[in-house]
Amino acid sequence: MSAIHAMTTKPITTSDATAKVAALQENIERVIRGKSEVVRYAIASMLARGHILLEDVPGVGKTTLAHALARSVSVEFQRIQFTSDLLPSDIVGVMVFNQDRQQFEFLSGPVFTNVLLADEINRATPKTQSALLEAMNEGTVTVEKQHLPLPDPFVVVATQNPVEHVGTYPLPESQLDRFLMKLTIGYPNKTDERELLKAGGAEDALANLQPVLSAAELLALQNRVSDIHVSDALLDYLMSLVEATRNDSEIALGVSTRGSLTFYRASQALAMVYGRDFVTPDDVKRLAVPVLAHRVVLHERHVRHGDLTPEARVIERLVSQTPVPR
């Protein structure tokens, strides 16, 4: 068991939590400029012990965001570049024979870390993609009938190019459901991109980025998320949105129970990011698309137009149609 996994964490006050989260966001935004909303969502996902899927065209900062998130916390970090010839053993590890001891020993793979960057995850085959399923869902890896625990905290930040691009394998619904949020960074505005060009890119800023949270502080923040208050009326509102995805005529597969649980936890985490100890309807509405859109399957495949996927447009319609509690 790693030292991080074994450490005990002390409770953290609301004011301390607010200050630490604000410092984390400020630190990440030294590298990712003009994308405050995306940074907030990424932080909320990590605080909720959730995994993040970043989907966008190449070159807009997906990998940079993952690096900035990992480097802002004093935890172990590993990166896997997914390719078509990557094997499951390249992720979880492999049993090797020790000549001196005359026995097999387990050589752990890069999944045994705190923050794992799965870069271009949809360029690997479905068999290799599935190697992360148990790790993302249960925080363990099974090798030769042995259940091996992963370090705590454990967060997967995966990037992928849009599925319409050449050489990609769409992630199956079961794996998409393991990601708490699916985020899109998008192109920067003209002013932010101009400043980025003057600075020579984000590489120098990323190289000089220093941690602002310890592993113990991150665990304390994660433990506090469950204390964020959610009123009964707001819980009913959240469930109404989930139910709407299961009954809508355009949706073939609605949000799962896992999805509703993560939606609830993500709302608590986002409230913490905004410095509150209670969830508001706006928290739920803001998270509807990043938490729910990748969990639904439409009856018919539609071509993507603009920034929103067809699934996201359906979720936005359901949000607009669902009464908000007063």
Requested in this report: Considering only the range 86-111, state which residues are of a type in the set (F, W, Y) and more than 21 Å from F154 (Cβ to Cβ).
Outcome: F97, F104
Query - Only listed residue being assigned to a loop (DSSP other than H, G, I, E, B) and more than 25 Å from A68 (Cα to Cα), chosen from P170, P162 - result: P170
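Could you list, in sequence order, the residues of the range 68-85 that are surrounded by 21 or more Cβ atoms within 10 Å (Cβ to Cβ) and out of contact with any Asp or Glu (no Cβ under 6 Å at 6 or more places or on another chain)?
Here is the first cut: in the range 68-85, the ones surrounded by 21 or more Cβ atoms within 10 Å (Cβ to Cβ) are 68-73, 75, 80, 82.
Result: A68, L69, A70, R71, S72, V73, V75, I80.
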Requested in this report: Could you grab me the full set of residues in the range 8-37 that are surrounded by 21 or more Cβ atoms within 10 Å (Cβ to Cβ) and more than 19 Å from R265 (Cβ to Cβ)?
Outcome: I28, V31, I32, K35
Query raised in the report: Out of (1) touching a residue at least 24 places away in the same chain (Cβ under 8 Å); (2) more than 16 Å from the chain's Cα centre (by Cα), the odd one out for H67 is which?
Result: (2)
**Report entry** Selection status of L287, surrounded by fewer than 21 Cβ atoms within 10 Å (Cβ to Cβ) and part of a helix (DSSP H, G or I)
**Finding:** no
**Report entry** the range 212-231, residues that are more than 14 Å from S267 (Cα to Cα) and either among the acidic types (D, E) or surrounded by 21 or more Cβ atoms within 10 Å (Cβ to Cβ) (or both)
**Finding:** A215, E217, L218, L219, L221
**Report entry** Among the residues listed as L270, L206, L218, the single one being of a type in the set (A, V, I, L, M), closer than 29 Å to T64 by Cα, touching an Asp or Glu at 6+ places or on another chain (Cβ under 7 Å) and in contact (Cβ under 8 Å) with a residue 60 or more places away in the chain
**Finding:** L270
Query raised in the report: Going by the structure shown, is P110 over 17 Å from H294 (Cα atoms) and either assigned by TED's automatic domain parsing to the domain that holds F263 or assigned to a loop (DSSP other than H, G, I, E, B) (or both)?
Result: yes
Requested in this report: Any residue in the range 135-149 that's without any contact (Cβ under 8 Å) to a residue 12 or more places away in the chain: show its pairings with residues that are assigned to a helix (DSSP H, G or I) and exposed (fewer than 14 other Cβ atoms within 10 Å of the Cβ) at Cβ separation under 6 Å, as long as the two are six or more apart or on different chains.
Outcome: none
Query raised in the report: Looking at the range 79-90, is at least one residue part of a helix (DSSP H, G or I) and not small (G, A, S)?
Result: yes
Query raised in the report: Would you pick out the residues in the range 31-63 that are part of a helix (DSSP H, G or I) and modelled with pLDDT under 90?
Result: K62, T63
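The values are calculated or read from the model by the stated rules, or taken from the named source; none is laboratory data. Given the structure is predicted, the values throughout are model-derived calculations rather than measurements. Counting neighbours? That spans all protein chains shown, and the Cβs are built from the backbone with ideal geometry, glycine included.
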